[in-house]
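Below is one structure, written out as structure tokens; comments come after it.
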Amino acid sequence: MTVGEVAAGRTGSGMGTDMGSGMGTGAVAGAAVAGTTAGGWDDVGRPPRRPGPQPMPGDIAPDAPPEAPEPKEIPLMRLLLPVVMLVAVVGMVAVMVVSGAGRNPVTFMFPLLMVMSTVGMLAGGGGGGQDVGPARRDYQRHLASIRRAIADAVERQRAHLLHDHPDPRDAWTLAGTDRMWERRRGDADFGAARIGLGPQRPATAVTPPRVAAPEKLDPVSAVALRQVVRAGRVVPGLPVAVDVTAFPIIAVGGPADGARRLLRAMVAQLAATHHPADLTVAFVGTAPDWEWLKWLPHHCHPSLADDAGHLRLRATTWTELAPVLRDLPGDPAVVVIADGAGTAAGAGPLDGEGPAAGIAAGCGRRPPPARRTSPRRMAWAWRRRRCWPAGWRRCR
């Protein structure tokens, strides 16, 4: 029996049969698991919550990139040595040719040896700085270890969020296990329901190193570090949850089918992870898609009952539902689902009135059809946009 029928004083065999068939196997069984007392639901005997995977503590701090070697000054003697050797070789060749010694080809080996020795000396000791190759290779190996640490932190964060907010399609697997109704008041995730997947900030942040003079860094290593830090700022594909007790109204828009599917997933998660003594689910409206709520003990009043069993917390208007919610024992968090006629703005829970700590309003209306724009209408809009500052008389 619903709250509205109790308020109106209507009872009948038809409703009793429907409630008997529905409550007899579902909600009553759930109530027997939860247990009821004179003051409400009995949560004695609940096992303590088992901690799940935890994110990596602390942060990831890569080392600073190596500095680029500064070029050394080349001595003046080294700059003049090629010119002196060139002049000496040319003079030696000229003397050999004039003196007639150039007839023997062996004599030209001495100038050739002098040129080769000069080139070898300049090539071996003429570098302007130290070789940065070994430092770069060492830093690239360090960044590879940082990437592995970031990947490990992301996997631990993903496992932590998937444990706290599993796929709504897997909520039924929590029934009968130690994880059913594991969330208690005071927990950080109390009242949280997963609404999808999306990017989030990493739980283990990547802290860039402090560099006194960035212009002195090796550019190759600095760019590699920047890529690692930017890649670790966002973690994609993580569960995104919303705390229904933190907002007076949560409006779900879009097509009606999609909005109701999202609301069903949220209610299923809340019912699987919260005890009926801590969270109550009520419904106001006329949509027939929420008859399945009668199987949840969260949807039943813990102390009010009739011949069919516990009273279901549902009504067609907020005026009928509000008095019953104010008398709930234990002061639980109340989630009111508003769907159907009579749930527009200004109807009780959408104004933030009443004892509800979190309200999910199913505004599942289809978007209006796209309005066709004719060429004449587009030309008229363009003319208005162009002529409005100059005045209408001037543009006619």
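Roll a 1.4 Å probe over the protein chains and send me the accessible area per residue for the stretch 125-189 in Å². Show your work: numbers first, answer last.
Working: 3810 Å² over 65 residues.
Per-residue accessible area for the stretch 125-189 comes out at 59 Å².
Given H placed on each backbone N at 1.01 Å, which residues far from Ile195 in sequence or on other chains put an amide H within less than 5 Å of it?
Amide H to amide H, under 5 Å and 5 or more residues apart or across chains, Ile195 pairs with Val240, Ala241, Val242.
In whole Å, what is the distance between the alpha-carbon centres of the stretch 82-100 and the stretch 205-257?
Here the two parts' Cα centres lie 70 Å apart.
Which far-off residues, 5 or more places away or on another chain, put their amide H under 5 Å from the one on Leu311, with H placed in the peptide plane?
His301, Leu304, Ala305, Asp306
Could you check the spin-label model distance between Val220 and Asp257? Points 7 Å from the Cα along Cα→Cβ, value in nm.
Each label point lies 7 Å from its Cα, and together they span 5.7 nm.
Computing the accessible area with a 1.4 Å probe over protein heavy atoms, can you report the carbon and sulfur percentage for the stretch 190-269?
Here carbon and sulfur together make up 59 percent of the probe-accessible area.
The values are calculated or read from the model by the stated rules, or taken from the named source; none is laboratory data. In this text the structure is predicted, and so the values were computed from the model without any measurement. All Cβ positions, even for glycine, are placed from backbone atoms using ideal geometry, and neighbour counts span all protein chains on display. Note: areas computed on protein heavy atoms with side chains; ligands, DNA, RNA excluded. Shrake-Rupley method; radii C 1.70, N 1.55, O 1.52, S 1.80 Å.
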